[in-house]
Amino acid sequence: MRPGRAGLAARYLVLVPVAAIFVFPFYWMVVLSLNRPDSVFDFPPHLLPQWQLQNYVQTWRFVNWPGLFANTVITTVARVLLVLVTSILAGYAFASMRFAGKALAFSVVLAVYMVPTEVTLVPNYITLSRLGWIDTYQAQVVPLAASVFGIFLMRQYFLTLPRDLWEAAQLDGCGHLRYLAQVAAPLARPAVVTIALLQFIEGWNAFLWPLIVTSTDRVRPLQVGVAAFAVTDSTQPVLLAAGAFMTTLPILVVFLVAQRQLVGGIASTGIRG
Amino acid sequence: MDPATSFTDTAPVARTRARERVTRRLTLAGYGFLAPALVVLVIFLLAPAVWVFGLSLFKWDLIANNPLFVGLENFRILLTHDDLWWQSVRQTVYYTAVSVPVSMALGLLLAVLLNGRIRGRHLLRGAIFAPYVTPVVATIMIWQWILNADYGVLNSLLAAVHLPRPAWTLSPNWIMPSIIIYGVWQHTGLNLVIYLAGLASLPAELHEAARVDGARAWSAFWRISWPLLSPTTYFLLFINLIGSFKVFVPVYVFTTNTGGPDHAAETIGFYLYQQAFAFFHAGYAGAISVALFLLILVLTGVQMRFFSRRVFYT
């Protein structure tokens with residue numbers, strides 16, 4: 001329902017300035033990254049960009065960007081794919097299969113939901129160093145290859161599929177795996193997209209765990225590399241801003257393209273249950 | 001067709017055997033589907049959560065690799081001799097007590113204003129939500145510069161209106177407020193989006209009430225919408241409290257991995273990280289993990305006890 005005219009004006013009077021404040025740091029990231037290096041020390045600051053595109057050229061030389069980008073893409077894509085596979089399979093088993101001990105298995109998953117990941121940092125680090133996995137890709141991917149939220153979401157979705165579909169497929173001699181791959185999973189596309197988007201963002205932004213289990217630029221992701229750059233070279237704000245913008249841009253693009261699915265997916269965690 | 005009738009011409013024994021075989025095959029198939037997820041969750045989440053309790057009973061320097069059983073000694077030191085631990089607890093509580101109410105209240109206010117069919121809704125929502133999904137390290141780097149004591153935008157704004165200019169991240173008194181400002185900026189979008197979903201699920205007649213202007217809308221909101229939103233508020237309080245109790249990355253980046261001037265930004269999450277991965281005190285870090293775990297359990301327990309009775313489920 002549309003609010004009254006006076007009410008509407010009052011709403012915009014609050015909303016527009018607040019939204020502007022929230023967007024400002026992104027604007028400032030771009031402005032800083034395009035300013036002349038010495039002008040950032042002027043006070044008061046310049047509010048408009050000076051279009052110094054060579055800042056990006058210089059930033060590009062400072063850090064092994066192609067390597068860092070490649071590492072982030074590899075670990076993020078692997079994580080998205082693995083979480084999708086584990087969530088779809090487990091979600092389907094919980095929703096549509098009958099077997100002994102299912103309730104127990106489900107309560108294990110629920111129990112895991114209560115564990116804060118910070119508590120697992122030290123034991124997992126020990127496990128991975130025993131496996132000889134420190135400073136590898138798999139260390140950044142395998143421990144995160146299953147998601148409780150992903151399993152819940154897939155289960156919820158599979159529960160809504162009509163039972164007749166499965167019965168019809170069975171009459172055609174279709175087993176669970178083929179039914180899942182050819183019928184159920186394609187029908188659950190909204191849930192699959194939501195999980196993929198959320199995992200993509202989490203993977204791209206991952207910081208604490210990669211910081212702990214990587215030690216060289218060979219496998220280190222973007223966020224850890226940029227943080228190292230920030231710590232060692234904090235005197236060059238212009239270059240830092242250019243670096244920050246390069247790591248943020250892919251996420252901003254995904255966000256602009258898929259805002260609706262993303263917001264819907266995140267909001268569904270709130271109205272679940 | 002009744003499934004039992006299809007077997008009427010087979011002997012009862014054969015029937016039971018056949019059924020057992022089917023059940024066994026179904027069970028195997030079920031676990032086959034579950035296995036990939038369960039193996040990962042058990043090895044990397046459930047087992048470590050149990051193991052960390054055992055770990056906390058040892059004195060163990062990760063490099064020297066000689067675990068020594070010391071019983072509850074780590075906890076005795078932590079609780080009675082470690083000022084830095086208590087400081088990190090106080091600062092975590094400070095961060096939580098300010099950032100959670102502020103960002104939830106702001107999220108609710110913005111959700112109420114954005115609720116309904118208003119022009120530019122997606123754009124405004126997207127603007128406020130974007131900080132929640134963008135890389136934390138990158139946005140903190142920009143905030144560091146916005147909050148810069150000498151050349152920052154915020155201080156030039158404060159100077160323009162003749163207010164005092166704090167040193168923000170360089171000052172022991174202002175480093176926590178800096179991190180709180182960042183936390184609110186980063187997290188309000190999540191609260192907004194979930195409150196919007198909560199508002200959208202309220203009965204349609206309530207949106208009529210939103211048309212009433214002024215004082216009546218105000219009291220209608222508190223009497224009708226707010227109680228109906230209580231499950232959303234309860235859920236948000238839950239995830240906000242847990243999330244803010246674990247705050248780490250802002251401390252790490254804002255203080256360039258030092259914990260701030262005079263440890264003034266040390267939080268439980270950061271202290272845990274330092275003990276484990278800067279000093280390699282695995283056993284002691286295990287004790288900190290257990291303490292954090294218990295704190296979170298107590299926090300959620302208290303929340304359930306005091307708030308669940310006030311939650312209004314339709």
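The values are calculated or read from the model by the stated rules, or taken from the named source; none is laboratory data. Since the model is a prediction, treat every value here as computed from it, not as a measurement. A quick note on method: Cβ atoms are made from the backbone with ideal geometry, for glycine too, and the neighbour counts reach across all protein chains shown.
For A:Thr72, indicate whether it is within 30 Å of A:Leu159 (Cα to Cα), buried (at least 23 other Cβ atoms within 10 Å of the Cβ), within 13 Å of chain B (Cβ to nearest Cβ) and under 14 Å from the mean Cα position of the chain (by Cα). Don't jump to the end; show me each part of the working.
Details: within 30 Å of A:Leu159 (Cα to Cα): no; buried (at least 23 other Cβ atoms within 10 Å of the Cβ): yes; within 13 Å of chain B (Cβ to nearest Cβ): yes; under 14 Å from the mean Cα position of the chain (by Cα): yes.
Spelling it out, it is not the case that A:Thr72 is within 30 Å of A:Leu159 (Cα to Cα), buried (at least 23 other Cβ atoms within 10 Å of the Cβ), within 13 Å of chain B (Cβ to nearest Cβ) and under 14 Å from the mean Cα position of the chain (by Cα).
For the range A:18-49, which positions are more than 7 Å from every other protein chain (Cβ to nearest Cβ) and over 28 Å from the mean Cα position of the chain (by Cα)?
Of everything in the range A:18-49, those that are more than 7 Å from every other protein chain (Cβ to nearest Cβ) and over 28 Å from the mean Cα position of the chain (by Cα) turn out to be A:Asn35, A:Arg36, A:Pro37, A:Asp38, A:Ser39, A:Asp42, A:His46, A:Leu47, A:Leu48, A:Pro49.
Do we find a residue being under 30 Å from B:Leu114 (Cα atoms) and not in a helix (DSSP H, G or I) anywhere in the range A:20-40?
Taking every residue of the range A:20-40 in turn, none turns out to be under 30 Å from B:Leu114 (Cα atoms) and not in a helix (DSSP H, G or I).
Go through (1) within 28 Å of B:Thr300 (Cα to Cα); (2) part of a loop (DSSP other than H, G, I, E, B); (3) within 7 Å of chain A (Cβ to nearest Cβ) for B:Thr256 and report which single condition fails.
(1)
Please state which of the following conditions A:Pro221 fails to meet, knowing it meets all the rest: (1) buried (at least 23 other Cβ atoms within 10 Å of the Cβ); (2) at pLDDT below 95; (3) not polar (S, T, N, Q).
So the condition that A:Pro221 fails would be (2).
Sort out which residues of the range B:129-151 are surrounded by 21 or more Cβ atoms within 10 Å (Cβ to Cβ) and part of a loop (DSSP other than H, G, I, E, B), and write them in order of number.
Hits for the range B:129-151 are B:Thr134, B:Pro135, B:Leu147, B:Asn148.
If you go through the range A:228-273 one residue at a time, how many are at pLDDT 90 or above, facing chain B (nearest Cβ under 9 Å) and loosely packed, with under 14 Cβ neighbours inside 10 Å?
Residues in the range A:228-273 being at pLDDT 90 or above, facing chain B (nearest Cβ under 9 Å) and loosely packed, with under 14 Cβ neighbours inside 10 Å: 1 in total.
Name, by its number, the condition in (1) crowded, with 17+ Cβ neighbours inside 10 Å; (2) hydroxyl-bearing (Ser, Thr, Tyr); (3) at pLDDT below 90 that does not hold for B:Tyr182.
In the conditions (1) crowded, with 17+ Cβ neighbours inside 10 Å; (2) hydroxyl-bearing (Ser, Thr, Tyr); (3) at pLDDT below 90, B:Tyr182 misses (3) alone.
Hey, among A:Leu211, A:Leu262, A:Leu256, which residue is touching a residue at least 24 places away in the same chain (Cβ under 8 Å) and of a type in the set (A, V, I, L, M)?
Working: A:Leu211 fails: touching a residue at least 24 places away in the same chain (Cβ under 8 Å); A:Leu256 fails: touching a residue at least 24 places away in the same chain (Cβ under 8 Å).
After applying the criteria, what remains is A:Leu262.
With B:Ala105, B:Ala37 as the choices, which residue is at pLDDT 95 or above and in the same structural domain as B:His187 (by TED's automatic domain parsing)? Let's see the steps before the verdict.
Working: B:Ala37 fails: in the same structural domain as B:His187 (by TED's automatic domain parsing).
Residue meeting the stated conditions: B:Ala105.
Under 8 Å between Cβ atoms, which residue pairs at least 6 apart in sequence (or on different chains) link something in the range A:118-136 that is modelled with pLDDT of 95 or more with a partner that is assigned to a loop (DSSP other than H, G, I, E, B) and of a type in the set (Lys, Arg)?
Within 8 Å, the pairs are A:Asp135/A:Arg218.
Can you tell me which residue within the range A:75-109, out of those that are polar (S, T, N, Q) and under 16 Å from A:Val148 (Cα atoms), is surrounded by the fewest Cβ atoms within 10 Å (Cβ to Cβ)? Walk me through how you get there before you give the answer.
So the first thing to find is which residues in the range A:75-109 are polar (S, T, N, Q), and the list is A:75-76, A:86-87, A:96, A:107.
With under 16 Å from A:Val148 (Cα atoms) added as a condition, the list becomes A:86-87, A:107.
Details: A:Thr86: 25, A:Ser87: 28, A:Ser107: 10.
The qualifying residue surrounded by the fewest Cβ atoms within 10 Å (Cβ to Cβ) is A:Ser107.
In the range B:156-171, what count of residues is obtained for those that are closer than 26 Å to B:Ala97 by Cβ and either within 25 Å of the chain's Cα centre (by Cα) or free of Cβ contacts under 8 Å to residues at least 24 places away in the same chain (or both)? Spell out how you get there, then give the answer.
We begin by selecting, within the range B:156-171, every residue closer than 26 Å to B:Ala97 by Cβ; these are B:158, B:163-171.
Going one step further and asking which of them are either within 25 Å of the chain's Cα centre (by Cα) or free of Cβ contacts under 8 Å to residues at least 24 places away in the same chain (or both), we end up with B:158, B:163-169.
The number of residues fulfilling the criteria is 8.
Of everything in the range B:114-128, what is part of a loop (DSSP other than H, G, I, E, B) and not polar (S, T, N, Q)? Give them in sequence order.
Here is the first cut: in the range B:114-128, the ones part of a loop (DSSP other than H, G, I, E, B) are B:115-120.
Across the range B:114-128, the qualifying residues are B:Gly116, B:Arg117, B:Ile118, B:Arg119, B:Gly120.
Please give the number of the condition B:Ile77 fails out of (1) in contact with a Lys or Arg (Cβ under 9 Å, 6 or more places away or on another chain); (2) not assigned by TED's automatic domain parsing to the domain that holds B:Thr267.
Failed condition: (1).
Picking from A:Leu197, A:Leu211, which residue would you name as being surrounded by 16 or more Cβ atoms within 10 Å (Cβ to Cβ) and under 28 Å from A:Arg260 (Cα atoms)?
None of the others qualify; the one that does is A:Leu197.
It is to be established whether one or more residues within the range B:230-241 are within 11 Å of another protein chain (Cβ to nearest Cβ), not in a helix (DSSP H, G or I) and not hydroxyl-bearing (Ser, Thr, Tyr).
Scanning the range B:230-241 turns up no residue that is within 11 Å of another protein chain (Cβ to nearest Cβ), not in a helix (DSSP H, G or I) and not hydroxyl-bearing (Ser, Thr, Tyr).
Surrounded by 23 or more Cβ atoms within 10 Å (Cβ to Cβ) and modelled with pLDDT of 90 or more, is that true of B:Ser289?
Details: surrounded by 23 or more Cβ atoms within 10 Å (Cβ to Cβ): yes; modelled with pLDDT of 90 or more: yes.
For B:Ser289, the condition - surrounded by 23 or more Cβ atoms within 10 Å (Cβ to Cβ) and modelled with pLDDT of 90 or more - is met.
Can you pull out the residues in the range B:185-224 that are over 19 Å from the mean Cα position of the chain (by Cα) and either at pLDDT 95 or above or not in a helix (DSSP H, G or I) (or both)?
B:Ser201, B:Leu202, B:Pro203, B:Ala210, B:Arg211, B:Val212, B:Asp213, B:Gly214
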